[in-house]
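Trainee: Can you keep this structure in mind? I'll have questions shortly.
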Amino acid sequence: MINFLKKNTKKLIKIISLVAVKILSKISIGRYFLEQFNKNINNLYKEIAHNNINLKFFIPNRFNLFRAKTFSKKEPETLAWIDNFTDKAIFWDVGANVGIYSCYAAKKKNCKVYAFEPSVFNLEVLSKNIDINGLNELITIFSLPLTNKIKETNFNMSSIDSGGAISTFGEAYKSDGTNLDKVFSYKILGLSIDDAIKKLGLVKPNYIKIDVDGIEHLILNGGQEVLKTVDEILIEVDEKFETQATQVKKILKSNGLQFESKNQSKMMQQASKDNKTYNQIWKRK
């Protein structure tokens, strides 16, 4: 019996929680209790400090708590890259999620940041993180997905939790090229990097970070004009997804960018021995 409970603790908690919510939702005082509980959960935050920069991040669930707790460990190469930005540069954070790197760049380097994030579940936490850190004037949220051209199609997600990842626009694969386990999707309009400049008047970036779980090469393909002038790019590439890796290299080299390094944190290495995902840094020659 004890072994059964140990193996099924999470399942049992989930079942008990669902039953409790159903019971409480049937009475007015119960619904009020659930509303207040939800408000309190959504207003929890954690303070972090890195390289003399202090930030606050909302932690409504375990995904966001994990992101806050591992801020300095999960992608130290991304933070080090941001540390070398020119002050007041233009930074495009493509796949911003809940904005931890957008907030860090804005506060550390006084950057003008465009935070690209199409997930409706991440947008609430992203906007709260921007506001609680007093960065409203420096960070602009762009809620349309980027891809290779203007198109209207599905944004497919493997999680509906805020702070979750592994989602893709218009495709059915994830970062390693294997099938995405879709649990939710909705139709949305997407556009290319170059269209965002030409048609919407966004300011050209000095620096671009792209981490979108699989369609990085498609986004690059739609940004050929911008890639001719950008100073540096940090892009996530899974070497097991050969099509992605090959296309990323070809497009960046053809636009005058030179491979600088590829990095994978100790934390990511320990998480999986088979992990072939790296943050590549490319710089203008």
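The values are calculated or read from the model by the stated rules, or taken from the named source; none is laboratory data. Computed from a predicted structure; not experimentally measured. Quick reminder, even Gly has a Cβ in these numbers, built from the backbone with ideal geometry, and neighbours come from all protein chains shown.
Trainee: Just the residues that are at pLDDT 95 or above and assigned to a strand (DSSP E or B), please, taken from the range 28-67.
Mentor: Passing the criteria: 46, 47, 48, 49, 50, 53, 54, 55, 56, 57, 58.
Trainee: Select from the range 68-99 the residues that are part of a helix (DSSP H, G or I) and touching a helix residue (DSSP H, G or I) at 6+ places or on another chain (Cβ under 9 Å) and write down the one among them that is farthest from residue 169 (Cα to Cα).
Mentor: 83
Trainee: Regarding residue 244, is this residue over 20 Å from residue 78 (Cα atoms) and surrounded by 22 or more Cβ atoms within 10 Å (Cβ to Cβ)?
Mentor: Numbers: over 20 Å from residue 78 (Cα atoms): yes; surrounded by 22 or more Cβ atoms within 10 Å (Cβ to Cβ): yes.
For residue 244, the condition - over 20 Å from residue 78 (Cα atoms) and surrounded by 22 or more Cβ atoms within 10 Å (Cβ to Cβ) - is met.
Trainee: Further, regarding this structure: Of the residues that sit in the range 131-142 and are touching a residue at least 12 places away in the same chain (Cβ under 8 Å), more than 14 Å from the chain's Cα centre (by Cα) and not in a helix (DSSP H, G or I), which one is surrounded by the fewest Cβ atoms within 10 Å (Cβ to Cβ)?
Mentor: Restricting to residues being touching a residue at least 12 places away in the same chain (Cβ under 8 Å), more than 14 Å from the chain's Cα centre (by Cα) and not in a helix (DSSP H, G or I), the top hit is 140.
Trainee: Hey, any hits in the range 143-152 for a residue that's surrounded by fewer than 15 Cβ atoms within 10 Å (Cβ to Cβ), assigned to a loop (DSSP other than H, G, I, E, B) and more than 14 Å from the chain's Cα centre (by Cα)?
Mentor: yes
Trainee: What is the one condition in (1) surrounded by fewer than 20 Cβ atoms within 10 Å (Cβ to Cβ); (2) over 14 Å from residue 211 (Cβ atoms) that residue 166 does not satisfy?
Mentor: Every condition holds for residue 166 apart from (2).
Trainee: Could you tell me which residue of the range 232-285 is nearest to residue 80 (Cα to Cα), considering only residues that are at pLDDT below 95 and of a type in the set (Ser, Thr, Tyr)?
Mentor: For the range 232-285, the residue satisfying everything is 265.
Trainee: In this structure, is residue 59 crowded, with 19+ Cβ neighbours inside 10 Å, among the hydrophobic types (A, V, I, L, M, F, W, C), touching a helix residue (DSSP H, G or I) at 6+ places or on another chain (Cβ under 7 Å) and under 20 Å from residue 259 (Cα atoms)?
Mentor: no
Trainee: Quick check on the range 19-27. Is at least one of its residues at pLDDT 70 or above, under 31 Å from the mean Cα position of the chain (by Cα) and not hydrophobic (A, V, I, L, M, F, W, C)?
Mentor: No: the range 19-27 contains no residue that is at pLDDT 70 or above, under 31 Å from the mean Cα position of the chain (by Cα) and not hydrophobic (A, V, I, L, M, F, W, C).
Trainee: Follow-up question, since we're still on this one. So residue 128 passes all but one of these: (1) in a helix (DSSP H, G or I); (2) in contact with a strand residue (DSSP E or B) (Cβ under 8 Å, 6 or more places away or on another chain); (3) surrounded by fewer than 20 Cβ atoms within 10 Å (Cβ to Cβ); (4) of a type outside the set (A, V, I, L, M, F, W, C). Which condition number does it fail?
Mentor: Result: residue 128 fails condition (3) only.
Trainee: Okay, moving on. State which residue is nearest to residue 207 (Cα to Cα) when the search covers only the range 83-124 and only residues that are of a type in the set (S, T, N, Q) and touching a residue at least 40 places away in the same chain (Cβ under 8 Å).
Mentor: 86
Trainee: Go through (1) surrounded by fewer than 19 Cβ atoms within 10 Å (Cβ to Cβ); (2) assigned to a helix (DSSP H, G or I) one by one and return the number of the condition residue 102 breaks.
Mentor: If we test residue 102 against (1) surrounded by fewer than 19 Cβ atoms within 10 Å (Cβ to Cβ); (2) assigned to a helix (DSSP H, G or I), just (1) comes out false.
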